[in-house]
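Take a look at the structure set out below.
The values are calculated or read from the model by the stated rules, or taken from the named source; none is laboratory data. From a predicted model like this one, the values you see are computed outputs, not experimental measurements. So basically every Cβ, Gly included, is an ideal-geometry build from the backbone, and we count neighbours across all protein chains shown.
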Amino acid sequence: MSQLDRRRTLSLRQQWRVFDKQNSAPKSYLDLCGRMLQVGEFLLAHDVAKEGLKKHRSDRALSQRAAHALCKAGSPMMATKILEDLVSSGVRDVETQSLLASAYKDLCEYSTDPNNKNQYAELAIFRYKEAFSAQLDASESGEENLESQYYPCINVAFMHFVSHNLPKAHKYADFARQICRTIRERGEGSYWSQATEAEACLLLGEVDASLEAYSLAVGMPDAQPSHVASTRKQALQIASLYSDTSIREKVVGSFPVLGIVACSGHVIDNIGGDRRFPPEAEKIAKQRIEDALDEMGANCGYSSAACGTDILFLETMIERGGETHIFLPFAKDEFIETSVRRSGGDWVSRLEMVLDHATSVHYVTHEGYYGDDSLFTFCNQVMLGFAAMRGRGLDEDPRLLVFWDRKPGSVGGTGELVESWKSAFNEPVVIDANEVLTNLGSAKTTRVLDDLKTSSSSLSAFGESTAPSRSVKTMIFADVAAFSQITEELTSQFVAAFHGGVSEMIEKLPIGPSFVNTWGDSFFAVFDDLENALKLALGMRDYFTDGNWSEWLPHGNMDVRISMHAGPVYEEFDPILKKRNFFGTHVNQAARIEPIVLAGSVFVSETVAALISFGYDEYDFEYAGNLDLAKNYGTYPVYILQRKGYSDMEID
C-alpha cells in the first residue's frame, strides 16, 4: 500500500468538513461515502450517507450505502431496518436483497441464541436466493450480468456451509466458481470475482487452489483495505469450520491486515532526574520503534502525545504514511505543561507538528488537569478501546507496542496499561528501556516516577471547599416514555412500581451507585465503575419493555429511554439536597443524550462504546449515528447498547 493510500483517510475527513451539504447532488455524497468505505472509515461513511438522505430522502443508492456502512461498522441490526424499509417500498433489486442478506448473515454470526441463529441463517439464505433468482431471470431475458450473479450465489453457498448442509454448499460454490472463471476468461476479472473464486475453492475443500486464488486477489490493483478485510473475515469463518486447524493458519497467512497498533511508553526524563529515558537515548529508541513497526506492519496508530515514546511513535507513523489517532487526557495547554515541556528541548513544537498531521485528535475532557492522575489511566483505557473498535470493524486484532523498563510505574503509566492490555488482548511488543540504557553505557537504571506538574487553575465549588473534587464516573439518565399517558389517579401507584422495581435492581448489584436521584418519571445515577452501570441500564430497559403495564396503560406497553456516558465529573455538597451531588460537562452530556434515545433502548456515548470494547465481553453495541444532542449541545457519535450475541433480542 502506498503512502498516498495510507494518508487518504485524513484527506477524506478534511473533504467532509468542507463538503457543501446544502447543494451537493446524491452522486457527490455517494462518491465521498464510497471512498470512505474503501479505506475502512465505516462510521464516517454512514454519517455521509445519512446526511445525504436528509436532502435526498428517496435516493435508493444512498439508503443502500448507509446500510452497507452500518454492516461494515458492526451494526447489522440497524442496517436491516433500513433495508427492510426499502424492500417494503417495492425496491427488490439484487443490491438491496444482497445487502439485506449480508446483514442477516452477520446477525447469524453474532447471535448466541440457537433459535435466533437458525432463523437469521434462513433469512439470509432466502434473501440471497431472491437476489440470485432475480439475476437468473434477467439473464434469461437477455440482460445477463455475471458480476451480479456470483455474489449472491457464493453467499448462498457460504450460508449452507455454516449450516452444515454440504451438498447444497458445494452445489452453489461450484456454480459461483464457474461464473467467476467465465468472467476471468473474458478478461473482465476484478478483485471480487477473483476473491469469490478463492472462496468457492475453500468451500469445496480445495485448500491449495484457494490459497493461490486469495493471493492473486489481494495483489490486484483494485484490492481495497476494506474489501480485503471483508474477504479475510469470511475466509477465516470457513476455515474455522474444518477439523484440520492448519487450514485456518494457512488462510491467515494469505491476507495482509491494516496493522492497527496502540503505543505507550516512558516520557523523557526530567532535567536533573534519575535516568530511565534520558534525551541522549532518543535516537536509539526511535530506531527500535521504527524496527518494531516494520515488523508489525503498522499502518494505523493510536497513542497519546507526551514527550518521549508517544511523540516518537507518532512521528514514525507519519513518516510511514500511516494514520495517527491522538488521545489527550485533558486540555491541550495543561497537557503541554504536565507532559511535554517538562524536559525542555523542542518537544512542544514536535507536539504541534504531530497534532497538525493527525488523522483524528480526541480529548477525554476539554477541562484542566487539576492534579487528577486518574485522567491518564482513563485516557489510556479510552485510547485502547478506540483501537479495539477499529479492529472490530476490520476483523483484526490490534497490537500494543511499549517502550518500558518492565517495572510497575505510576498511576496511568506504562506498567498499568500493559497489565490491562494483557487481560483483554494479547502479549504486547516490548522495547526494553533497560537495554537501550545499556547501549548508552549506563551503569545503573533507576525507575523515575512521572513528575506531573499540578495546574495552578482552580474552579469555584459547592460547599465549603474551594478546590474541585473530581473523579471519573459513569452516569445514567432514564425517562419513562409513556408516563404522560397515565391518568392522574394512577400516578402514585405507577411511581411506586417504577421506583420499587428499580430499587430492587440496585439492591442486587454487586456494587451500587454512588449517587441516585429521581423526579417524577426520571432517574439519575452515578457509578464508580462501568460494569454495574451497564447491568442496571439493561435491567431497567428490560423491566419496562418486557413487563405488563396494562394496569396503568390500555396497550400494556411501557418503554424507557436510557442514556449513558463516562467521564471526569465534580462531586460537591449540594446545599439544596443537603448531600453530595455530581456536576460538570460530562454529566450534562449524559443528560443531553437521553431525550434523543429511541423508546425501549439504551444509547451510550462513544466513550462508553470504547470502554466496552476494551474488556467487557458480555456487552455489545451498534452504531446509531453522529446525532444532534438535545438543547443544542452539539453533535456526537452515539451507540445502542445491547448484550453480547443479540441474546436478548427476538426476531420480528
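Within the stretch 359-375, which residues are more than 15 Å from Val569 (Cα to Cα) and not in a loop (DSSP other than H, G, I, E, B)? Explain how you work it out, then say what you get.
Filtering the stretch 359-375 down to residues more than 15 Å from Val569 (Cα to Cα) leaves 359-362.
Once the filter is applied, which keeps residues that are more than 15 Å from Val569 (Cα to Cα) and not in a loop (DSSP other than H, G, I, E, B), the stretch 359-375 yields Ser360, Val361, His362.
For the criterion of being of a type in the set (Asp, Glu), touching a helix residue (DSSP H, G or I) at 6+ places or on another chain (Cβ under 7 Å) and outside any loop (DSSP other than H, G, I, E, B), Glu280 fails.
For every residue, the table says whether it meets (1) assigned by TED's automatic domain parsing to the domain that holds Ser605; (2) farther than 21 Å from Asn270 by Cβ; (3) free of Cβ contacts under 8 Å to residues at least 12 places away in the same chain.
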site	(1), (2), (3)
Ser304	no, no, no
Ile318	no, yes, no
Leu328	no, no, no
Asp333	no, no, yes
Val354	no, yes, no
Glu367	no, yes, no
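Going by what's in this entry, would Tyr616 be described as of a type in the set (Ser, Thr, Tyr) and assigned to a loop (DSSP other than H, G, I, E, B)?
Working: of a type in the set (Ser, Thr, Tyr): yes; assigned to a loop (DSSP other than H, G, I, E, B): yes.
In short, yes.
For the stretch 598-614, does any single residue satisfy the condition of being of a type in the set (Asp, Glu), more than 13 Å from Phe477 (Cα to Cα) and within 18 Å of the chain's Cα centre (by Cα)? Within the stretch 598-614, one or more residues are of a type in the set (Asp, Glu), more than 13 Å from Phe477 (Cα to Cα) and within 18 Å of the chain's Cα centre (by Cα).
So which of Ala262, Ala306, Ala200 ends up being assigned to a helix (DSSP H, G or I) and surrounded by 17 or more Cβ atoms within 10 Å (Cβ to Cβ)?
Values: Ala262 fails: assigned to a helix (DSSP H, G or I); Ala306 fails: assigned to a helix (DSSP H, G or I).
Exactly one residue qualifies, and that residue is Ala200.
Whenever a residue of the stretch 178-197 is without any contact (Cβ under 8 Å) to a residue 60 or more places away in the chain and at negative phi, its partners that are among the basic types (Lys, Arg) and surrounded by fewer than 19 Cβ atoms within 10 Å (Cβ to Cβ), lying with C-beta atoms within less than 8 angstrom and at least six residues away or across chains, give the pairs Ser193/Arg184; Gln194/Arg184; Glu197/Arg181; Glu197/Arg184. Whenever a residue of the stretch 130-141 is within 16 Å of Phe175 (Cα to Cα), its partners that are at pLDDT below 65, lying with C-beta atoms within less than 7 angstrom and at least six residues away or across chains, give the pairs Gln135/Asn145.
Exactly one residue out of Leu123, Leu136 is surrounded by fewer than 24 Cβ atoms within 10 Å (Cβ to Cβ), of a type in the set (A, V, I, L, M, F, W, C), at pLDDT below 90 and assigned to a helix (DSSP H, G or I), and it is Leu136. For first residues located in the stretch 513-530 and farther than 17 Å from Leu611 by Cα, partners that are among the acidic types (Asp, Glu) and not in a strand (DSSP E or B) and lie 6+ apart or on another chain with Cβ distances below 6 Å form the pairs Ser514/Asp528. Here Gly371 fulfils each of the conditions (1) surrounded by fewer than 17 Cβ atoms within 10 Å (Cβ to Cβ); (2) at pLDDT 90 or above apart from (2). Remark: pairs (first residue in the stretch 87-116, in a helix (DSSP H, G or I); second residue basic (Lys, Arg); Cβ separation under 7 Å; 6+ apart in sequence or on different chains) = Gln97/Arg127; Leu100/Arg127; Ala101/Arg127; Tyr104/Arg127; Cys108/Lys117.
Tell me whether the stretch 319-330 contains one or more residues that are among the hydroxyl-bearing types (Ser, Thr, Tyr) and touching an Asp or Glu at 6+ places or on another chain (Cβ under 8 Å).
Narrowing the stretch 319-330 to residues among the hydroxyl-bearing types (Ser, Thr, Tyr): 324.
Still in the running and touching an Asp or Glu at 6+ places or on another chain (Cβ under 8 Å): none.
No, the stretch 319-330 contains no residue that is among the hydroxyl-bearing types (Ser, Thr, Tyr) and touching an Asp or Glu at 6+ places or on another chain (Cβ under 8 Å).
Quick check: anything in the stretch 534-545 in contact with a helix residue (DSSP H, G or I) (Cβ under 8 Å, 6 or more places away or on another chain), at pLDDT 95 or above and either farther than 26 Å from Val472 by Cβ or surrounded by 21 or more Cβ atoms within 10 Å (Cβ to Cβ) (or both)? Yes, some residue in the stretch 534-545 is in contact with a helix residue (DSSP H, G or I) (Cβ under 8 Å, 6 or more places away or on another chain), at pLDDT 95 or above and either farther than 26 Å from Val472 by Cβ or surrounded by 21 or more Cβ atoms within 10 Å (Cβ to Cβ) (or both).
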